[in-house]
C-alpha cells in the first residue's frame, strides 16, 4: 500500500522563495541519489519540495525502496509543495553561477527560476501524489559516529553482490552482540567482517540486513564527525544525521552462519607490507586486466612472487619481501579481491593465513586483534 504526503496543495496566486545556489545544489546532490531515471510511478522521477512559511524546506528523493530527505533553510513567506523533474532541475541549477536564485511557482504549476540574466522554466507535479516511505516505529536504536559507520561500510561493502540469488547476500549484515558491533558482507566467494567495541544502550542483542544499494548511497553522504542515530523496525531502518534522513526497507531472512567459516586452523602465515603487495597486484592487473583474471601468488621463504601471463603473451613477474612461517606454497587469486582488501583495511602491514591452495585464505591484522577478517577463495591456477 502506498503512503502519500499529506500536504495542502492549495491554490495560490504564486509561491515565491529564494535561496543560495550552492546550498540548494548540495541538497539536490544528496537527495537525487535514489531517484530512478525511469519509474513505473512517474512522479518518483522527481524531487519533492515541502516549504514552510518559516523558510524550512524539505527535499526528498525516493525509489519506494529507499528515500533520502534533507532540510535546508531558505527565504520564504508562504507554505507550499511541488515535485520537480530531478535530473533536469539538477542540471539547470548546476549551470547557474554561485549566488542568489529566485523561484516562483505559478498557479499553472510552472516553476520559474531566475538568477541574474538567466531564466529557466520547468513544469512541476502535485506533491500530494508523491509516495512516502512509512514512518519507522523504532523498536531498537544505535548511535554511532559518522566516520566509524563510513569505515565499517567501506571495509565490507565490496564483498557484497547486488545480483546474488540469495536475497540475504544482497546486503550488509549488522549484528549487535556481546558489546560489539559487527558488519559482514559476502558473496560466498569472499567474505569481509569488520568489528568494533560498541556500547549497546538497548541491553539486548539484535541484527538486521541493510540492502547494498542503501549502504552504498549512505556511504556517499556521511562525511561529518557527528553522530548517526539508527532506528530499526521490523521491516525498515532509518539513519538520521545532521539535517538528513535516509529511510530504507530491510532485507528479511537469516544470514549465513559466517562464524563457522572463521574457525578453521591455518598452517602457514605471511606478513607483508600492504603498499608493496598493492603495487605488485596493480602492476599484474595492467598485464592481465580481465575481470576474472587469475594472479599466481607464490609464498616463498622470505618473499612473495607475483606472476601472471595472458594468451597474447603478456606477462609479469614481481617479487616483494615478506615474513613467513610454514611451507612454501603457490595459490591463484582473483587480483581484484586482494586489492579490495588492501584498499580497505587501512593498515601498513597485513597477515595472510593459508592452509592449502584449495581452501580460502584469511587476511587479518598483524596486532592479533579481530577488528577485521577477510576470507578469499582461491582460483584454479590451471585456468589462467
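The single condition from (1) in contact with a helix residue (DSSP H, G or I) (Cβ under 7 Å, 6 or more places away or on another chain); (2) in contact (Cβ under 8 Å) with a residue 60 or more places away in the chain; (3) over 27 Å from residue 214 (Cα atoms); (4) surrounded by fewer than 16 Cβ atoms within 10 Å (Cβ to Cβ) that residue 107 fails is (1). Answer yes or no: is there a residue in the range 316-329 that is part of a strand (DSSP E or B), closer than 27 Å to residue 184 by Cα and either outside the structural domain of residue 159 (by TED's automatic domain parsing) or free of Cβ contacts under 8 Å to residues at least 24 places away in the same chain (or both). No, that holds for no residue.
Is it fair to say residue 286 is closer than 23 Å to residue 381 by Cβ, outside any loop (DSSP other than H, G, I, E, B) and in contact with a helix residue (DSSP H, G or I) (Cβ under 8 Å, 6 or more places away or on another chain)? Working first, answer last.
Working: closer than 23 Å to residue 381 by Cβ: yes; outside any loop (DSSP other than H, G, I, E, B): yes; in contact with a helix residue (DSSP H, G or I) (Cβ under 8 Å, 6 or more places away or on another chain): no.
Judged against the criteria, residue 286 is not a match.
Across the range 37-52, the number of residues qualifying as part of a loop (DSSP other than H, G, I, E, B) and modelled with pLDDT of 95 or more comes to 1.
Assigned by TED's automatic domain parsing to the domain that holds residue 157 and farther than 16 Å from residue 152 by Cβ: does that describe residue 244? It is true that residue 244 is assigned by TED's automatic domain parsing to the domain that holds residue 157 and farther than 16 Å from residue 152 by Cβ.
In this structure, does residue 235 turn out to be under 26 Å from residue 26 (Cβ atoms) and surrounded by fewer than 16 Cβ atoms within 10 Å (Cβ to Cβ)? Lay out the reasoning, then the answer.
On the way: under 26 Å from residue 26 (Cβ atoms): no; surrounded by fewer than 16 Cβ atoms within 10 Å (Cβ to Cβ): yes.
No: the conditions fail for residue 235.
The values are calculated or read from the model by the stated rules, or taken from the named source; none is laboratory data. It should be emphasised that the depicted structure is a prediction, and the values quoted were computed from it without experimental measurement. In this analysis, Cβ positions are derived from the backbone assuming ideal geometry, glycine residues included, and neighbour counts consider all displayed protein chains.
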